[in-house]
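For reference, the structure discussed in these notes is given below.
The values are calculated or read from the model by the stated rules, or taken from the named source; none is laboratory data. Owing to the predicted nature of the structure, the values given are computational and were not obtained by experimental measurement. FYI the Cβ positions are ideal-geometry reconstructions off the backbone, even for glycines, and counts take in every protein chain you see. These area figures cover heavy atoms from the full protein model, side chains too; ligands, DNA and RNA do not enter into them. Shrake-Rupley method; radii C 1.70, N 1.55, O 1.52, S 1.80 Å.
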Amino acid sequence: MSGLYLHIPFCKQACSYCDFYFVTRQGKKQDFVAELIKEIHSKKDTRYTTEIVKTVYFGGGTPSLLSPKQIEQILEAIEQVFELHPEEVTLEMNPDDVNKEYLADLRSAGITRASMGVQTFNQQLLNFMNRAHSKEEALHCLEVLSSSGIHSYTVDLIYGNPDQTLEMLEKDVDVLLGFNPPHVSAYSLTIEPKTRLGRQLELGSLIAPEDDLVALHFDLVEKRLREVGILQYEVSNFAKPGFEARHNSAYWSHENYLGLGPGAHSFWWNDIGQSAERWINEPDLNSYLSGGWENRAEVDQLSKHDLAEERLMLGLRTVQGLDLSNLEKQYDFKLNPKQEIYLHQKVKEGKAVFTESRLYLTKEGLKIADAITLDLLS
Ligand code: SF4
């Protein structure tokens, strides 16, 4: 089983924190769709079409800048080339693109799940993030979404913004919970170097919040969501039981996925399951439009050992954690005595649970999952 990721590289404007690949020119959308369909057809009868496709994810960029007709055309092409038995077809949307008709048409086109980029309901913070939507649009999109018939959806929330108080965050969470969402993805703001915020940080005109305050932000989000049955299942993801994202969960468990479109990432095991390849399509719309789909910006060959370490890292970010016997069976990987001593120490600190067959981090451990993995593997 595998997943498909489609990168739709258009945005209305550049959000101040974003380092994804996108362009703000809108003129080439139809050309892009035509080219994407050609790229899909170019995969016919290749190794990428030998597995049943269970999930499709339209990411970006801003996929909701495409029309339902264009989404339908893309899905039709996928059906012609891949063996599609969809359990989940997700489309990332921005609040300013969404209305009742748009959602109804997307549903008819085959979209079963929405990922809504709300981030905050606070107008001052929306301005700081340079989001294209307003507070009113953030409210409106959730109103129409909750009555759209698309029952599975997630709402993105960003906490840990400079000058964001706990009271401001609590208000955001209150408003969000008023819509009874089945899934929430909550991220602390990360300031990447090549973004507007990154430059401001470098120039000293922006001060990132203290880690302790960001930790309090996280605690507030986790507690409020838990109280209404939206439970953490990965470092940044929370869901009511049964609404966990299948596409993303497949990334964490190393299932094959193929990325199409400029800047898309892919992961594919080789034929004998001994190693895998991960690559990024060239993030260049112009090159893509002239047929450069095969151009890869980065290719990583991953040995079984690389994959085991990566699986450990991804698994420790999930509440479920890792099945250690599976790690040994699939990746020939066993924790060494030094790693076991380190993990027993984390157990004593209340940050991990470590038995013969299972390893997972507690709520406290998940807060520093990346640091624990780094210590474990270095
Ligand atoms: S809409 Fe999404 S992809 Fe586009 S700039 Fe903003 S965060 Fe980045």
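Quick notes on this structure:
- In the range 286-364, Rg over Rh equals 1.21, where Rg is the alpha-carbon radius of gyration and Rh the Kirkwood radius from pairwise Cα distances.
- For the chain, built as a Gaussian network whose Cα springs stay under 10 Å, the top-fluctuating residue of T90, T165, T55: T165
- On a per residue basis, the range 315-377 carries 58 Å² of accessible surface, using protein heavy atoms and a 1.4 Å probe.
- Globularity ratio of the chain, using Cα Rg and 2.2 N^0.38 Å: 1.00
- Theoretical gain in end-to-end length, R107 to Q124 [0.36 nm per residue, Cα-Cα removed]: 2.8 nm
- A simple charge model with +1 on the Cβ of Lys and Arg, -1 on the Cβ of Asp and Glu and nothing else charged puts the dipole of the chain at about 140 debye relative to its Cα centre.
- The mean of 1/r over all pairs of different alpha-carbon atoms in the range 29-133, once inverted, gives a Kirkwood hydrodynamic radius of 15.0 Å.
- Separation between Cα centres of the range 27-55 and the range 306-330, rounded to whole Å: 31 Å
- Remark: relative contact order (the chain) = 15 percent; criterion is Cα-Cα distance under 8 angstrom and separation of 6 or more residues.
- Top positive-direction residue, dipole computed over the range 315-377 with Cβ charges, set L343, T362, L327: T362
- Gap separating the Cα centres of the range 59-96 and the range 167-238, nearest whole Å: 28 Å
- Residue pairs exceeding 28 angstrom between C-alpha atoms, taken from K38/K304; K135/K240; K54/K329; K54/K346: K38/K304; K54/K346.
- Of all DSSP-defined beta bridges confined to the chain, some 40% are antiparallel rather than parallel.
- Sequence-distant residues sharing a close amide H with L84 (under 5 Å, placed H): V53
- Hull shadow area, averaged, the range 143-302 [alpha-carbon convex hull, nm²]: 13.3 nm²
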